[in-house]
Structures are given as C-alpha cells and as structure tokens.
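Asks: Would you mind keeping the following structure in view while I ask a few things?
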Amino acid sequence: MAVNGHPKRARLRFEGWIAGLGTSSGTRVVLGHWTRSPFGPFSDVMIERPDGERLLLAPDQRLATFVADTYGFDAVQVVPVAVNVEGRAWTVEAGSLHLRFTVGSRGPVGLLLRAVPRTLAARPSWAALVDLPARLLPGVRTRGSAGHGRREWYGAQDLRPVTTAVAAFEGVSLGTLAPVDPPVRFGFGSAPRRPSLVRVTTTVELSRGGPPA
C-alpha cells in the first residue's frame, strides 16, 4: 500500500512487560518479557556495565538481529533466555545471567495507568500525547527514533516498583538493588530511575523499504 506515492511503513506490535533495575555494582539490567509479538512469545535482556559496555542477550539469531538493528549494543550473545513468574517473584536465566526480583504494590501512577483503556494505551497517538508528561521522569521517553530509520512508541498500561533483587553475571554477584543511574543508553530513552516493572505495548515502525521481521 502506498500513501502519497510512498510505500506505507510496516508497524510491528509487542505486548508484555519491561523490568528495569540497577545494582550496587553499577551494572543496570533491562528485561523485556513479551507475551505477544510478531516473533511469538519471547524474552530478552539488555545489560549495561559500569564502564558503559552495552550487551544484548537474545534467545535466537533472528531476534538478536532485529533487536540489535533497533537499539544500540557493543556486543550480542545468543543464549537461552527463560523467565518464570510466581506471584510477585520473577526469575530470569539468560546465559550467564541469573536474576531474581520481586515487585511491590502499584502506586498512584500505576493505578492511573491501569485506568486508561487498554485499546487507547496501545495506540501510538496516545504514546505521543503522553510523551511530554512522561519526561518528568528522568530519562523516560514514550516515543522516538530507533536504529535503521525505525520509529518507536511505548504505551504503558501498568507500573509496579521492583522491591528486591539478587543478580549474578558471569559468576560474579552484581550486588544489591539500586536506582537505574546513570540512565541506560540502548535507545532514545531509559528505564525509570526507580527500579520498576512496566506493562507496555511497544510499536516499532520499520523504515520504508526496510527488511521484514
């Protein structure tokens, strides 16, 4: 299909959860746990080390290529990624990363996000509308430019605090739970500074003539 003589850009929708947390070692971790996507259900992990190195852990090469083309990394590892959720406890095994965290009760922002109709919250137009107030949270953006000429929108539908975390990477403890500080630098925005679990619909618009997913 063409719009004004130009091919229409394809949009891909991902529905699931993003958990962002810092550790006292300085390593920050962002988990994407996607229950619905063009690739089927999957999870991936983005890690930024204290020295600024950015690492992607993805479960297969196709996903690794798509995510690395959308965001920015210094290294990519294709490893099994398993996520188990039992009540408020989340366990993540991704290659040499072992992570367990718990979430608390949602606060006023979480209750407000839950009140927005899901069909509205998932629309890119809504993400664009709330981008300005979202910037009151340092580093947080709901829309922006991604890699390879792509555009992206985040529609949040719930927010809960991460209250505890235990993590080790490559056999070394990452320390105790800490703020996501400094902000992570995978894309146009960071996870909230306060460790959080966000339910989100992410829309990725491919560049004109870009490769299919």
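Asks: From SER25, SER37, grab the single residue that is at pLDDT 95 or above and open to solvent by less than 40 Å² (accessible area, probe 1.4 Å).
Replies: Among SER25, SER37, only SER37 is at pLDDT 95 or above and open to solvent by less than 40 Å² (accessible area, probe 1.4 Å).
Asks: Condition test on ASP44, is it at pLDDT below 95, closer than 25 Å to PRO183 by Cβ and open to solvent by less than 20 Å² (accessible area, probe 1.4 Å)?
Replies: For ASP44, the condition - at pLDDT below 95, closer than 25 Å to PRO183 by Cβ and open to solvent by less than 20 Å² (accessible area, probe 1.4 Å) - is not met.
Asks: Kindly provide the set of residues from the stretch 55-84 that are of a type in the set (Gly, Ala, Ser) and in a strand (DSSP E or B), ordered by number.
Replies: Matches in the stretch 55-84: ALA58, ALA75, ALA82.
Asks: Further question: Test GLY52 against the criterion of being part of a loop (DSSP other than H, G, I, E, B) and either among the acidic types (Asp, Glu) or open to solvent by less than 20 Å² (accessible area, probe 1.4 Å) (or both), and give yes or no.
Replies: When the stated conditions are applied, GLY52 passes them.
Asks: I'd like to check something: does the stretch 107-130 contain any residue that is modelled with pLDDT of 95 or more, among the hydrophobic types (A, V, I, L, M, F, W, C) and either touching a strand residue (DSSP E or B) at 6+ places or on another chain (Cβ under 6 Å) or under 25 Å from SER43 (Cα atoms) (or both)?
Replies: Checked the stretch 107-130: no residue is modelled with pLDDT of 95 or more, among the hydrophobic types (A, V, I, L, M, F, W, C) and either touching a strand residue (DSSP E or B) at 6+ places or on another chain (Cβ under 6 Å) or under 25 Å from SER43 (Cα atoms) (or both).
Asks: Just give me the residues in the stretch 85-97 being open to solvent by 20 Å² or more (accessible area, probe 1.4 Å) and either closer than 17 Å to PRO195 by Cα or not in a strand (DSSP E or B) (or both), in sequence order.
Replies: GLY87, ARG88, THR91, GLY95, SER96
Asks: Also, quick follow-up: Can you tell me which residues in the stretch 188-202 are surrounded by 20 or more Cβ atoms within 10 Å (Cβ to Cβ) and assigned to a loop (DSSP other than H, G, I, E, B)?
Replies: Within the stretch 188-202, GLY189, SER190, ALA191, PRO192, PRO195 meet the criteria.
The values are calculated or read from the model by the stated rules, or taken from the named source; none is laboratory data. Just so you know, these numbers come straight off a predicted model, no measurement behind them. In this analysis, Cβ positions are derived from the backbone assuming ideal geometry, glycine residues included, and neighbour counts consider all displayed protein chains. For the accessible areas, the whole protein counts, side chains as well, though only heavy atoms, and no ligand, DNA or RNA atoms are used. Shrake-Rupley method; radii C 1.70, N 1.55, O 1.52, S 1.80 Å.
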